[in-house]
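Structure, as structure tokens:
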Amino acid sequence: MTTEIEFGRRDVAESIREDHPEALAEGDDRRLKTVTFADDAPERVVQEARQSAAQDRGDQQSVKEQASLTAEEKRRLDFSKDGSSVLKAQWVKGTLRAAGVKDWTAYYDPELTVDEHAGRAEEWKADQRGSERLDAEEDEDVTAARMARQAERGQSQQCNHARDECRYGDSEACEFLGEACGLPEEEIEAIMDADAAAQPDTDLSGRQLGALDRLWTSYRTGLARAREAAAGINEIRGQVDQDPLAFEQLGGATITKEDLEV
């Protein structure tokens, strides 16, 4: 015996037909709002259709929109649960989105009717605004922390530069160490006294000497790294019985791992 279920709108009835074509009776007329199911249609499908029809007929006054589901939304929702269906989810999505609830899937509940979802839309919208506000505050905290770290690193670099320049007698750099870097006066004096005898006999200013010292440090560091890379290249060549290379940029020397250990 066939089962006939009447919907409030023909497009809603058509959605049921598209979801369960195998359950339709041969005499089902797609032009009608009434869907006719075959006598051997699964009971689960018939019950789902009855529920959807009841929601459709009862919710037409309250639901302002019906929205199609994206592929991602269909993956996120579990339609195997009792009371859940693609059609119902479409009504809920349209209802909640029209009410201003953006992440509607977070509030979708198969046990609630579409009307019950609509009745809680304002509550969920307020909850959503609270979450967005907290997220914004957290973003501000993260940004502030990052800026603080950047400022701290910048301050540290400035203090290191000032220390180098103070070593070579730059009075402004020594003042900066005290005022901006918080070094006590006795420590600043110790920096100046410890290196006073080592200052070269030159016309360069303390700032220039400090910059020169940093450049020499950078040069020596780069040279050491180049030697390590050269030794690594020759180590790999040796593993396949190739002769080591001599590097013109390093004085024509053939550098191996053993040379670095000396």
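Quick one: which helices (runs of 4 or more DSSP H) sit completely within segment 88-187 and have at least 3 residues that are of a type in the set (A, V, I, L, M) and either at pLDDT below 80 or touching a Phe, Trp or Tyr at 6+ places or on another chain (Cβ under 8 Å) (or both)? Break it down into steps so the answer makes sense when it comes.
Values: elements: 114-119, 121-167, 171-179.
Answer list for segment 88-187: 121-167.
Go through segment 34-69 and give me each residue that's under 42 Å from the mean Cα position of the chain (by Cα), hydroxyl-bearing (Ser, Thr, Tyr), modelled with pLDDT of 70 or more and open to solvent by less than 70 Å² (accessible area, probe 1.4 Å).
SER52
Name every residue in segment 227-254 that is touching a strand residue (DSSP E or B) at 6+ places or on another chain (Cβ under 9 Å), open to solvent by less than 40 Å² (accessible area, probe 1.4 Å) and in a helix (DSSP H, G or I), in order of residue number.
The answer is ALA230, ASN234.
Considering only residues that are open to solvent by 90 Å² or more (accessible area, probe 1.4 Å) and closer than 24 Å to LYS74 by Cα, which ones fall in segment 1-33?
Hits for segment 1-33 are ARG10, GLU18, GLU22.
The values are calculated or read from the model by the stated rules, or taken from the named source; none is laboratory data. Keep in mind that what you see is a predicted model, and the values were worked out from it rather than measured. Neighbour counts run over all protein chains shown; Cβ positions are idealised from the backbone, glycine included. Areas reflect the complete protein model, heavy atoms only, side chains present, ligands, DNA and RNA absent. Shrake-Rupley method; radii C 1.70, N 1.55, O 1.52, S 1.80 Å.
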